[in-house]
Amino acid sequence: MIVFVSKNLNKSSLEFAEDCLEQYCYIARQSRISIENVLSKRPKIYKDENGRPYVCGGLYLSISHTSANLSDKHNIIAVAISPNPAGVDIEVCRSIDWTKISQRYFNAAEQKDINSSRDFFKFWTRKEALYKASRDQKSFYVPKINTLGNADLRTYDIFENVILSVCTKDESVYFCSC
Amino acid sequence: MEKIKNIIAEILGINVTDIVSESRLKEDLNADSLKLVQILLAIEDEFQIELEDEDAVSIKTFADIERLVKKYGI
């Protein structure tokens with residue numbers, strides 16, 4: 001998996017994702033990674049019936065964006081691309097009433113480990129990344145979906161106060177700052 | 001509906017006048033997934049209801065919220 005991250009996005013998220021996809025294919029060609037049908041033509045990003053982006057030809061793509069400040073347009077974006085099902089979520093740690101959200105959207109075991117807003121954002125991004133990778137429309141709203149002990153989930157601190165989580169079966173996750 | 005518009009505007013840091021029926025919460029009003037959840041919980045708190053999971057997932061535009069207002073008799 002390669003995760004492309006931009007902190008000062010000045011184009012649409014779809015345009016940025018297309019640029020990332022082109023970079024991924026370039027890297028794949030340079031690395032001689034075989035990706036079905038991708039190497040021979042420029043891949044396109046499509047949207048499924050739920051509006052989620054995906055790529056034909058053996059690649060999976062996930063996009064997440066957020067804002068540094070409440071009233072700013074989304075200007076922090078992460079695009080994860082992988083030959084396996086992929087999910088990514090990025091959030092700015094901020095002051096929030098996380099107790100109510102935790103009670104509704106996390107199971108009892110997860111709630112035990114959420115004791116601060118930072119813990120909350122770690123768990124939130126992990127659950128969101130899992131939801132995106134599973135492509136299950138309803139799974140996110142079911143607290144029984146457990147993120148604890150899930151080896152496909154990884155969380156990173158990127159930039160100041162920004163947390164990013166990915167869900168992937170890939171052994172390695174590489175980051176590219178744009 | 002004005003109460004709901006006020007809730008959304010406060011959580012998203014926008015003007016109430018920015019919200020129209022056709023407004024897409026994510027694309028037009030800049031709501032990310034967490035802010036959407038905050039909006040839904042605030043609506044539930046305000047009107048003492050609990051949204052069904054299928055209804056919560058279906059919300060994409062302000063018009064979807066207007067539709068649910070009728071469904072839940074708010």
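The values are calculated or read from the model by the stated rules, or taken from the named source; none is laboratory data. None of the values given here were measured: they were computed from a predicted structure. All Cβ positions, even for glycine, are placed from backbone atoms using ideal geometry, and neighbour counts span all protein chains on display. In case anyone asks, the SASA skips ligands and DNA or RNA and just uses the protein heavy atoms, side chains included. Shrake-Rupley method; radii C 1.70, N 1.55, O 1.52, S 1.80 Å.
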* Structure fact -> In the protein assembly as shown the accessible area split gives carbon plus sulfur, as whole percent at 1.4 Å, a share of 47 percent
* Asked: With every protein chain present, what is the per residue accessible area of chain B (1.4 Å probe, Å²)?
  -> 50 Å²
* To do: With a point put 7 Å past each Cα toward its Cβ, work out how far residue B:53 is from residue B:3 in nm, to one decimal.
  => 2.8 nm
* To do: Mind scanning B:3/B:70; A:11/B:5; A:127/B:71 and naming the pairs with a C-alpha gap bigger than 22 Å?
  => A:11/B:5; A:127/B:71
* Taking springs between alpha-carbon atoms closer than 10 angstrom, which of B:14, B:43, B:59 fluctuates most in the Gaussian network model of chain B? -> B:14
* To do: Return the tail of the calculated pair distribution for the protein assembly as shown, meaning the percent of Cα-Cα pairs more than 32 Å apart.
  => 21 percent
* Asked: Total accessible area buried between chains A and B, 1.4 Å probe, in Å² to the nearest 100?
  -> 2000 Å²
* Structure fact -> Placing each pseudo-label 7 Å from Cα in the direction of the beta carbon, residue B:24 and residue A:155 end up separated by a distance in nanometres of 3.1 nm
* Asked: Using a basic spin-label model with each label point 7 Å from the Cα along Cα→Cβ, how many nm lie between residue A:23 and residue A:100?
  -> 3.8 nm
